[in-house]
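To start, the structure itself, in structure tokens.
What follows draws every value from the coordinates through simple rules; no lab data is involved. For clarity, every value in this text was computed on a predicted model and none was experimentally measured. Positions of Cβ are generated from backbone atoms using ideal geometry, with glycine treated the same way; all protein chains shown enter the neighbour counts.
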């Protein structure tokens, strides 16, 4: 049975808190694609295909031709930032994309001027915001709601999604103010500083029924209060933390080791990064938030409690170092100590010279387009099927996350098939063979 999905009519607004390197790379990239200057490499919604039916049917359409996604030609960008630079200026400062490409879309980028950000320096101590809102938590939440509504009206938009591309906040755990929506809203009135800035954006969006995606490891919508609000307003949410770089490699390699029952004694990971994200993560409290997000990946894939002989003594260490000369060009090193037949030791070493925002931009774009699809399909609350793109996937309370990227892709594709009334694919394949079972 095909799900009733509202058509992607009119314009889709993508509002982004944090118009830094990742956000400007998304926006400039989409504008370049619209002009035919570049192709959306890395975007599964734009470049990926999906198998339908049996292998013998040879039906493999592009995803964008299979499900009713918003067209890039109908996407309008906006956002908030702690600095007042327009998107062209911010993109030039980020030094991710070449000046020639940026100049080709300069007119489009210069029109996108950030709104003042909801900011609390206590949550990002290495940032000094100069373009920020003032007032209580409630004041800022109300201003953010007004910003969203004004943006939608001014641009003649049919729909809006909010996509967090802001900095990683300091590590904090859910407390009483996050336990119910009533307590959260009372906390807003009391200007409770346990409510982080990212939560203000999420609250404002969800209160208006606008989908929210969390691209950082912050707690944000992964709290009972905001999950309750998402269900109350029938709004989809997704998080946490865009899966790029080193963690992407882990979710590709670790499932292969586990599939072949090869043991792992240790996995040491270190990174150098010089953009604004690297500066923020240079503070130990902010790094801890990222560390927790990264550390859980291997545990979820290897499941040491189920495989103690192979993974029971694994030592997993992560380091991120701020190194300004590299800018957005992240470099990561992994040393992996593995063992095979009869316990004989081996090693794997990975040196990944990647571009952080180049990897993150298509992930963020896909999440925005898919969360809009989820809203139009009447999907509510946590969208675990989007975990394919996320480092620390948000799941239902008590449900262990699935971090194997190949299983995540199966989940994503089967969700799309389900929405469109196509058969789910299990890859069993026995129906291609008549004589699999003897004497049956």
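Where in region 95-132 is the amide nitrogen less than 18 Å from a point lying 7 Å along the Cα-to-Cβ axis of residue 146?
The answer is 114-119, 131-132, whose backbone nitrogens lie closer than 18 Å to the label point.
With 10 angstrom as the radius, rank 355, 260 by how many other C-beta atoms surround their C-beta, starting from the fewest.
260, 355
Quick one: order 376, 59, 276 by neighbouring beta-carbon count within 10 Å, fewest to most.
59, 376, 276
Shape call for region 246-353 from the C-alpha gyration tensor, a ≥ b ≥ c root eigenvalues: rounded (a/c under 1.5), prolate (a/b greater than b/c) or oblate?
Judged from the Cα gyration tensor, region 246-353 comes out prolate (a/c at least 1.5, a/b above b/c).
Rounded to the nearest 0.05, what FRET efficiency is calculated for residue 295 and residue 418 with R0 set to 25 Å and r the Cβ-Cβ distance?
Efficiency, from the Cβ-Cβ distance: 0.20.
Please work out whether region 339-437 counts as rounded, prolate or oblate from its C-alpha gyration tensor, where a ≥ b ≥ c are the square roots of the eigenvalues and a/c under 1.5 means rounded, while otherwise a/b larger than b/c means prolate and anything else oblate?
Because a/c hits 1.5 or more and a/b fails to exceed b/c, region 339-437 counts as oblate.
At residue 351 and residue 427, where each label point lies 7 Å from the Cα along Cα→Cβ, what is the point-to-point distance in nanometres?
Here the answer is 3.3 nm between the modelled labels.
For the residue pair residue 399 and residue 176, what label-to-label distance in nm results when each label sits 7 Å from Cα along the Cα-to-beta-carbon direction?
3.1 nm
When ranked by the protection proxy of mean other Cβ atoms within 10 Å per residue, highest first, what sequence do the peptides 168-175, 135-142, 359-366 form?
Averaged packing, sorted descending, gives the order 359-366, 135-142, 168-175.
Per residue of the chain, what 222 nm ellipticity follows from adding -39500 (n - 2.57) for every DSSP H run with n ≥ 4, rounded to the nearest 500?
Value at 222 nm, helices only, nearest 500: -11500 deg cm²/dmol.
Over the chain, what is the relative contact order in percent, taking alpha-carbon pairs closer than 8 angstrom and at least six residues apart?
About 20 percent, as a whole number.
Need one number: nm distance between label points at residue 56 and residue 306, each 7 Å from Cα along Cα→Cβ, rounded to one decimal.
3.4 nm
Find the all-direction average of the projected area of the Cα convex hull for region 176-223, expressing the result in square nanometres with one decimal place. Write down the numbers at each step before the final one.
Numbers: hull surface 13.0 nm².
Hull-based average projected area comes out at 3.3 nm².
Figure the gain on full extension for residue 323 and residue 270 (residue separation times 0.36 nm, minus the Cα-Cα span) and round it to one decimal in nm.
Working: separation 53, 0.36 × 53 = 19.08 nm, distance 1.23 nm.
Working it through step by step, the gained length comes to 17.9 nm.
So if we plug the beta-carbon distance of residue 191 and residue 337 into 1/(1 + (r/R0)^6) with R0 = 45 Å, what FRET efficiency do we get, rounded to 0.05?
Approximately 0.35, to the nearest 0.05.
With 10 angstrom as the radius, rank 101, 424 by how many other C-beta atoms surround their C-beta, starting from the fewest.
If I rank by nearby Cβ atoms, fewest first, I get 424, 101.
Work out the FRET efficiency for residue 139 and residue 1 from their Cβ-Cβ distance, taking R0 = 45 Å, and round it to the nearest 0.05.
About 0.45, to the nearest 0.05.
Convex hull volume of the Cα atoms in the chain, per residue, in Å³?
With only Cα atoms used, the chain gives 160 Å³ per residue.
Between region 307-384 and region 1-38, what is the separation of their alpha carbon centroids in Å?
Rounded to whole Å, the Cα centres lie 24 Å apart.
PRE reach from residue 37 (point 7 Å along Cα→Cβ): which of region 102-116 fall under 12 Å by backbone N?
102-110
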